[in-house]
Amino acid sequence: EQSELRVGHMHGAGTALLSCLTLASAISPTLLLHVGAPLRVAFGSCRKQLKPQPVWDAVAAQSPALWLWLGDAMYPKGSVTSAAQLREAYAQAGEPALRGVPVDGVYDDHDYGLNDGGVGWELKEDARQLFLDEVVGAPADSARRTQRGGLYGSRTLGEPPRQLKVVMLRHTGITARADSFILNQGGDARHALRPSGPRGPVTWRLVARAKGGLPGGRHSLRVRPAGRRSHSAPVLDEEQWAWLRTQLTNSTASAHLIVSSVQVLTSAAAVESWGHFPRERRRLLSLLEETRPRGALLLSGDVHYAELAGAPRAALPPGAELLEVTSSGLTHACGLGAVGGPLCGLQHRLFASHRLPTPHDARRPLPPLPPSAVAALRALGGPAAGAYPFLNFGSAELRWPSDPARCEPSAPPSSPTGCGAIVVRIHHALDGGTALEHSLPLGLTAGQEAERWRAAQALPTIFDAAAELRAAVAALAGGALAAGLLCCCGCRRLARGRGRAAQRQSKRD
């Protein structure tokens, strides 16, 4: 497999040795592993190029062997009508100040050139070539430039048995967010999806028409797949599915990071995800169950917050429940706004069934926050467990066993006979401190790896979570109505009683 890398800026002579070692590890990935250092990969998404970017010092301090973009490496200004506008946005963004760290990854919709854009985007080929030029620095003959299906690809770091494989997926357009979670007030709210012009069959926009719309009318919560066609539309084309099966089946790696720019396991229907395409989501999780890649984790971005997702099972050893890590918000995050912060926290509490109950690291205070964010946190009782709604980036540290041939899966990962672990962290973007942390043990049996992804398929979907919320809203509305009726009846009885008392008093007089 061809290793494609982009070397970031060099800062000072003092970083020369580190840069040479890091570059050498990209060319001969076994170098850092042989000297006993853990292999570390850093990742993140959602960078507005005109905003301050202090995050890169914190990323560089982690000494990663690779930086992975999980999407939205830049945000073009206004509507994009030419490749020149994409090129200008990349020029404004510049290269991450990562002191020689190789760069790889995938784009999402903004760096694709069209917010919520799909397969019909007329500049999709320009977007692909520019991403490979400006971000990855891919060679001119890279298969990723010409293969059907777009930007997907893979790379390995290290040699067996201390080998990591990074598998990068490129979806054809997941843009069902607007229609999938609708909570409206009004007498008759009708919602229709229409194909949004030339973007293709997977991309939709919401057209809402409401009659009435005044508070006190009927409440409706409608959740459905994103249109009849996109319900069965492909997220990956057949060539990419076949390629992915080969990557997972024939892999010699002991650990796998599978990159998707949008979330896979979330139960929050208000964000873009594989969940809006249930057939494709089942296909992906079934493929992972069937192929049982060792030490596999999903990495995703897009949502402007970080979280850890998983499915605890009694049959799995501690830590094996971790399935997906989301890191999004290098320069902007949902928890920082006076309005968006409370809404973000509310979503995290309403849709939490996919999230691992991993608390924030209590040993470190939260980074400096604006007063609006502090007020929002206090109102919600602090950040939701397993989520971090502020500026962040992620890292995955691979701690290999001292003797892979003699490791015992039942032993603690850090013990002399343990099989090692992938330690995943979500970091504060400003100082690199740990906000969330989880450890996935390596060396699981094939049956345990399959069980992990069976558990993923049993997680509540966005439709399950919305149905539960709809039932809760109905129960609350029913309770409020019942309370109102009782109050009304009580008031009437009280009024009648007072009237009768007044009549008796008048007769006496």
If you take the beta carbon distance between V374 and C491 as r and set R0 to 56 Å, what does 1/(1 + (r/R0)^6) give as a FRET efficiency, to the nearest 0.05? 0.85
By average C-beta atoms within 10 angstrom, highest first, the peptides 319-325, 458-464: 319-325, 458-464
Give me the number: length gained by fully extending R313 to E239, i.e. 0.36 nm times residue separation minus the C-alpha to C-alpha distance, one decimal in nm. 23.3 nm
Per the 1.4 Å probe, what fraction of the accessible area of the range 250-332, in percent, lies on carbon and sulfur atoms? 49 percent
Average accessible surface area per residue within the range 237-310, 1.4 Å rolling probe, Å²: 26 Å²
Between R500 and A83, what is the spin-label point distance in nm, taking each point 7 Å from the Cα along the Cα→C-beta axis? 8.8 nm
Mind ordering 336-345, 151-160 by average Cβ neighbours within 10 Å, highest first? 151-160, 336-345
Can you tell me the FRET efficiency between S414 and D464 if r is taken as the Cβ-Cβ distance and R0 is 35 Å, rounded to the nearest 0.05? 0.45
With r as the distance between the Cβ atoms of E95 and E437 and R0 = 51 Å, compute the FRET efficiency 1/(1 + (r/R0)^6) and round to 0.05. 0.95
Positive-end residue, the range 63-162 charge dipole about Cα centroid, Cβ charges, pick of A65, A97, Q85: A65
Treating cross-link reach as a plain straight distance, find the aspartates and glutamates whose alpha-carbon is under 18 Å from the alpha-carbon of K51, omitting any fewer than eight places away in the same chain. D72, E88, E95, D111, D302, D431
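The values are calculated or read from the model by the stated rules, or taken from the named source; none is laboratory data. As the structure is a computational prediction, the values presented were derived from the model and not from experiment. For neighbour counting, all protein chains shown are included, and Cβ atoms are generated from backbone atoms with ideal geometry for every residue, glycine included. Please note that ligands, DNA and RNA were not included when accessible areas were found on the heavy atoms of the full protein model with its side chains. Shrake-Rupley method; radii C 1.70, N 1.55, O 1.52, S 1.80 Å.
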